[in-house]
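K.L.:
So that we are looking at the same thing, I have put the structure below in structure tokens.
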């Protein structure tokens with residue numbers, strides 16, 4: 001049963017990622033990203049990492065998508081020409097296939113059948129978050145704040161004021 005649920009949420013994750021990449025509408029891409037992020041929370045639940053699933057839903061599924069949608073809605077899309085197609089897609093396809101060519105043998109070579117499930121303590125996660133990962137966490141929050149402020153400035157400025 002767990003294998004079936006894992007395959008289902010993995011397919012949702014991949015489908016959401018493809019929706020992000022293939023969508024021509026930015027709002028639809030953001031919603032596909034939400035589907036992908038929620039499916040990753042499902043993967044965490046299958047792995048019995050309830051805390052990570054909760055953090056995934058609250059922070060990524062909630063806050064990041066809301067900030068992204070606000071940034072999209074606050075920018076004036078009429079000022080920018082529509083992008084019909086990116087001319088670098090062959091290079092991106094080659095890079096994606098090269099990454100696939102590295103990851104597939106890595107998964108085939110490494111045997112995960114002998115690994116045991118481990119529970120992470122909340123104390124260890126808290127200590128790690130406030131010691132080792134405090135600065136990267138704050139940098140990520142500042143980048144999101146700057147993006148939101150930039151979107152507000154772009155949206156509020158009149159024509160020719162940029």
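Just so it is clear, none of the values below were taken in a lab; they were calculated from the coordinates. What you are looking at is a predicted structure, and each value in this text was computed from that prediction instead of being measured. Every residue, glycine as well, gets a Cβ built from its backbone with ideal geometry; the counts of neighbours run over all protein chains shown.
K.L.:
If you count, for each residue, the other Cβ atoms within 10 Å and average over each peptide, how do 44-53, 139-148 line up from highest to lowest?
P.N.:
Highest to lowest by the protection proxy: 44-53, 139-148.
K.L.:
So, one more: Tell me whether the chain comes out rounded, prolate or oblate; compute the Cα gyration tensor, take square roots of the eigenvalues as a ≥ b ≥ c, and use a/c under 1.5 as the rounded threshold.
P.N.:
The shape class here is oblate.
K.L.:
Could I ask something else about it? Determine the calculated [θ] at 222 nm for the chain from helices alone, applying -39500 (n - 2.57) to every DSSP H run no shorter than 4 residues and normalising by the residue count; nearest 500 deg cm²/dmol.
P.N.:
About -22500 deg cm²/dmol.
K.L.:
In degrees from 0 to 90, rounded to the nearest 10, what is the angle of the helix 2-22 Cα long axis to the longest principal axis of the chain?
P.N.:
Long axis of 2-22 versus the principal axis of the chain: about 20 degrees.
K.L.:
Measure nothing fancy, just the Cα-based angle from helix 26-46's long axis to the longest principal axis of the chain, in degrees from 0 to 90, nearest 10.
P.N.:
That works out to roughly 20 degrees.
K.L.:
Can I ask one more? Please state the shape class of the stretch 102-154: rounded when a/c is under 1.5, otherwise prolate if a/b exceeds b/c and oblate if not, all from the C-alpha gyration tensor.
P.N.:
oblate
K.L.:
Let me ask something additional. Between residue 21 and residue 72, how many nm apart are label points set 7 Å from Cα along the C-beta direction?
P.N.:
About 1.8 nm separates the two model spin labels.
K.L.:
Give me the distance in nm between label points sitting 7 Å out from Cα along the Cα-to-Cβ direction at residue 97 and residue 110, one decimal.
P.N.:
According to this spin-label approximation, the distance is 2.5 nm.
K.L.:
Tell me whether the stretch 1-52 comes out rounded, prolate or oblate; compute the Cα gyration tensor, take square roots of the eigenvalues as a ≥ b ≥ c, and use a/c under 1.5 as the rounded threshold.
P.N.:
Because a/c hits 1.5 or more and a/b fails to exceed b/c, the stretch 1-52 counts as oblate.
K.L.:
How far is helix 89-109 tilted, in degrees, relative to the longest principal axis of the Cα atoms in the chain, given as a value from 0 to 90 rounded to the nearest 10?
P.N.:
The angle comes out near 10 degrees.
K.L.:
Let me ask you something else. Return 132, 13 ranked ascending by Cβ neighbour count within 10 Å, so the fewest neighbours appear first.
P.N.:
132, 13
K.L.:
Now a separate question. Give me the extension gain from residue 144 to residue 65: residue separation times 0.36 nm, minus the current Cα-Cα distance, reported in nm with one decimal.
P.N.:
Using 0.36 nm per residue and subtracting the Cα-Cα distance, I get 27.3 nm.
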